[in-house]
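Below is one structure; the comments refer to it alone.
The values are calculated or read from the model by the stated rules, or taken from the named source; none is laboratory data. Model, not experiment: these values are computed from the prediction. No Cβ is skipped: glycine too gets one built from the backbone with ideal geometry, and neighbour counts run over all protein chains shown.
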Amino acid sequence: MISRYITKQVLRDLEPSRVVGVFGPRRSGKTVLMNLIKEKIGTSQVLMVHGENLDAAEALSSQRTGVLRRFIGANKYLFVDEAQKVPNIGVNLKLIVDTVQDVAVFVTGSSSFGLRNKIGEPLVGRARYYYLYPLSLMEVGISDYLKQKEMLEEQLIYGFYPQVYSAETIEQKRIELESIRDGYLMKDILELDNLKDSIFIFNLLRLITFQIGKDISYSELATNLNVNKRTVMRYLELLEKSFVVFPHNGFSRNLRKEYTKSPRYYFWDNGIMNSLISNYNRLGLRDDIGRLWENYCISERIKYQRYKKISSNNYFWRTYDKKEIDLIEEREGKLYAYECKYSKKSVRPPKDFIDNYPGSEFSVINRENYQDYFT
């Protein structure tokens, strides 16, 4: 079993009268993590339930102190997997924390904004939140430099979902990826807003796949999909909530010619991105290595920030005359610029950026040095 980085942090924060929430996509390992935490606690006084269990959901949505106390009984820990399935979960967790003494609560959810908002509002100051993504390079822990170089191609193509990464054959990896794509991720997206048009979602995601590293035009996407702009924006928000994609906005402070109108979108996992276009070809047969590398670098870097608790505002930088930088990190009053290049060619920072943002740092992330930025 691959050790997840947040395990120790969750164990540390799991205290009486406190709620710990872990959010992430389905099949990213949340249930495995919950079982591991239960094992490490080393006590039988853990009540572990699933949000889809109707009896458990009925009790946990009752908003009745007596019902909640009887449900928890003598247990010292309450674990609720996929807690977003429970109506009014936030209010009920507050009742538990307020009225059931010496109980620590651990919940997971596969819809980020919904569950976090539900438990965050009633439990200000008494909740800790973590994100669990598909495996990160820092968790895989390949200390052998040469072995990791050999694994890089596979990671760029098949990604880091735990069951995909651990599959022994390429065929098994493809089957697992397509199962996640068609079943779990799509199920979450459709359930978020009672949607039924999975074909539309697939078509939107395919268009996003081909525009990695490019500014998104909502109007252009709407035209291609024969819908209005608001529909595209609504679906993209749902895809964010389901941990499929995330946005990247433009950075601007000084130059009038800096472009910030449209965001860029990236996938949390390269494997899902490749499965959407059914392209599992080796890198030598592909013409999109630049997109694969940029998506890999930016998703891994942001996972690294989240796990290491590095507070950073993340952007891309581009001017109207097409000078650009893939990733700008704004942290502690300083700008750190990163260009993602699969090749080892030297790249000079754009003069406009250096001149207008003195004191900033510029680095190139390539296939020789990438481990320095992600592990």
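Summary of computed values
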read-out: Residue selected from the range 101-122 under the condition in a loop (DSSP other than H, G, I, E, B) and surrounded by fewer than 19 Cβ atoms within 10 Å (Cβ to Cβ), by the criterion modelled with the lowest pLDDT; value: Glu121
read-out: Selection from the range 59-89 of residues that are assigned to a helix (DSSP H, G or I) and within 16 Å of Phe106 (Cα to Cα); value: Leu60, Leu68, Phe71, Ile72, Ala83, Gln84, Lys85, Ile89
read-out: Checking Ser346 against (1) assigned to a loop (DSSP other than H, G, I, E, B); (2) surrounded by fewer than 19 Cβ atoms within 10 Å (Cβ to Cβ); (3) hydroxyl-bearing (Ser, Thr, Tyr); (4) touching a Phe, Trp or Tyr at 6+ places or on another chain (Cβ under 8 Å), the condition it does not meet; value: (4)
read-out: Selection count, the range 336-365, where residues are in contact with a strand residue (DSSP E or B) (Cβ under 8 Å, 6 or more places away or on another chain) and free of Cβ contacts under 8 Å to residues at least 60 places away in the same chain; value: 18
read-out: Condition met for Tyr158 (over 22 Å from Leu11 (Cβ atoms) and modelled with pLDDT under 90); value: no
read-out: Matching helices (runs of 4 or more DSSP H) fully within the range 167-237 where at least 1 residues are farther than 27 Å from Asp287 by Cα; value: 186-192, 198-209
read-out: Test: Arg301 is within 22 Å of Gly250 (Cβ to Cβ), touching a residue at least 12 places away in the same chain (Cβ under 8 Å), touching a helix residue (DSSP H, G or I) at 6+ places or on another chain (Cβ under 9 Å) and surrounded by fewer than 16 Cβ atoms within 10 Å (Cβ to Cβ); value: no
read-out: The lone exception for Ile325 - which of (1) buried (at least 18 other Cβ atoms within 10 Å of the Cβ); (2) modelled with pLDDT under 95 it fails; value: (2)
read-out: Residue in the range 282-296 that is over 30 Å from Pro162 (Cβ atoms), surrounded by 18 or more Cβ atoms within 10 Å (Cβ to Cβ) and touching a residue at least 12 places away in the same chain (Cβ under 8 Å) present; value: no
read-out: Failed item in (1) without any contact (Cβ under 8 Å) to a residue 12 or more places away in the chain; (2) outside any loop (DSSP other than H, G, I, E, B); (3) out of contact with any helix residue (DSSP H, G or I) (no Cβ under 9 Å at 6 or more places or on another chain); (4) not charged (D, E, K, R), with Thr31 passing the rest; value: (1)
read-out: Leading residue by the ranking (surrounded by the most Cβ atoms within 10 Å (Cβ to Cβ)) among those in the range 60-93 that are of a type in the set (Lys, Arg) and touching an Asp or Glu at 6+ places or on another chain (Cβ under 7 Å); value: Lys85
read-out: Residue check, Tyr338 at pLDDT 95 or above, closer than 26 Å to Trp268 by Cα and in a helix (DSSP H, G or I); value: no
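Conditions (1) among the β-branched types (Val, Ile, Thr); (2) within 22 Å of the chain's Cα centre (by Cα), marked per residue:
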site: Gln9; (1), (2): no, yes
site: Lys30; (1), (2): no, yes
site: Lys38; (1), (2): no, no
site: Met48; (1), (2): no, no
site: Tyr77; (1), (2): no, no
site: Ala83; (1), (2): no, yes
site: Val97; (1), (2): yes, no
site: Ala104; (1), (2): no, no
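One line per residue, one yes/no per condition, for (1) under 22 Å from Glu153 (Cβ atoms); (2) of a type in the set (A, V, I, L, M):
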| site | (1), (2) |
| --- | --- |
| Lys334 | no, no |
| Lys341 | yes, no |
| Lys344 | yes, no |
| Val364 | yes, yes |
